[in-house]
Amino acid sequence: MTAITDELVALLPISYPRNPESNWYKILDLFGYELDTIQKSTLRILSWHSIDEASGKALEVVGNEYGVTRTTIDDEFYRFLIKSHIEMGLRVGTVNDLIHVLSNTSGLDASAFDVRNGQEPMSVKVLNMPTALTPDENQRQLVIDWIEAVLPAGVRLEEISFRSASESEIGLGMVIESASWFKSPVATMNVEDM
């Protein structure tokens, strides 16, 4: 018995038997089971077309639809490349556009990316790319190639640098409570909250 079977049985006229032992119910249960199987298969097929849910060969098919060929990279990084390709197609190609694309497709805050105009005319610098985005050398080269490909015609990538794991930001905090006693020949006082 499925939810679809219950919906089908509810559509029967009142004069038809609705109990699970009746032949009408059994026939509708067969249809309900098959419709439920078709519905689950349809949802699975739809998920193969979703960039966020597809994996393996299905993700490769999605990437090929957007003109992003797969190399020896994992699914998460390949998703990043597909999404950034789509995002950049919607942008003009300014420095701010590049920052927004990197932020939107990686899930990192825009402040994590340092993109500036270069020293030379018609050039940009991408400094301190987060290691979370490019953990290995192959992925770094793919990101460099991608950035060069999405820059507007005539604009070149002057410099790119990657933040190493040791340069990651670390937040420290502490609370210190102390009480000190100072004595002098004139007065003795208790000083708190230094």
- Query: Do the conditions hold for G118, that is, is it open to solvent by less than 50 Å² (accessible area, probe 1.4 Å), under 30 Å from L43 (Cα atoms) and more than 15 Å from the chain's Cα centre (by Cα)?
  - Reply: no
- Can you find a residue in the range 61-73 that is part of a helix (DSSP H, G or I) and aromatic (F, W, Y)? no
- Hey, D52 hits all of (1) at pLDDT below 85; (2) exposed (fewer than 14 other Cβ atoms within 10 Å of the Cβ); (3) in contact with a Lys or Arg (Cβ under 8 Å, 6 or more places away or on another chain) but one; which does it fall short on? (1)
- Task: Among what's in the range 105-158 and is without any contact (Cβ under 8 Å) to a residue 24 or more places away in the chain and in a loop (DSSP other than H, G, I, E, B), pick the residue that is farthest from D75 (Cα to Cα).
- Result: P121
- Does the range 136-144 include one or more residues that are at pLDDT below 80 and surrounded by fewer than 10 Cβ atoms within 10 Å (Cβ to Cβ)? no
- Note on the structure: For V92, the lone unmet condition from (1) at pLDDT 65 or above; (2) among the aliphatic types (A, V, I, L, M); (3) under 25 Å from I51 (Cβ atoms); (4) not in a helix (DSSP H, G or I) is (1)
- For T71, indicate whether it is over 30 Å from V124 (Cβ atoms) and polar (S, T, N, Q). no
- Item | Among the candidates S166, S180, residue that is modelled with pLDDT under 75 and either open to solvent by less than 100 Å² (accessible area, probe 1.4 Å) or within 26 Å of R70 (Cβ to Cβ) (or both) | S180
- Would a scan of the range 37-45 turn up a residue that is within 30 Å of R70 (Cβ to Cβ) and outside any helix (DSSP H, G or I)? no
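The values are calculated or read from the model by the stated rules, or taken from the named source; none is laboratory data. Only a predicted model underlies this, so the values are computations on that prediction, with no experimental measurement involved. Here Cβ is always computed from backbone atoms with ideal geometry, including for glycine, and neighbour counts include all displayed protein chains. Remember, those area values only see protein heavy atoms, side chains included, never the ligands or the DNA or RNA. Shrake-Rupley method; radii C 1.70, N 1.55, O 1.52, S 1.80 Å.
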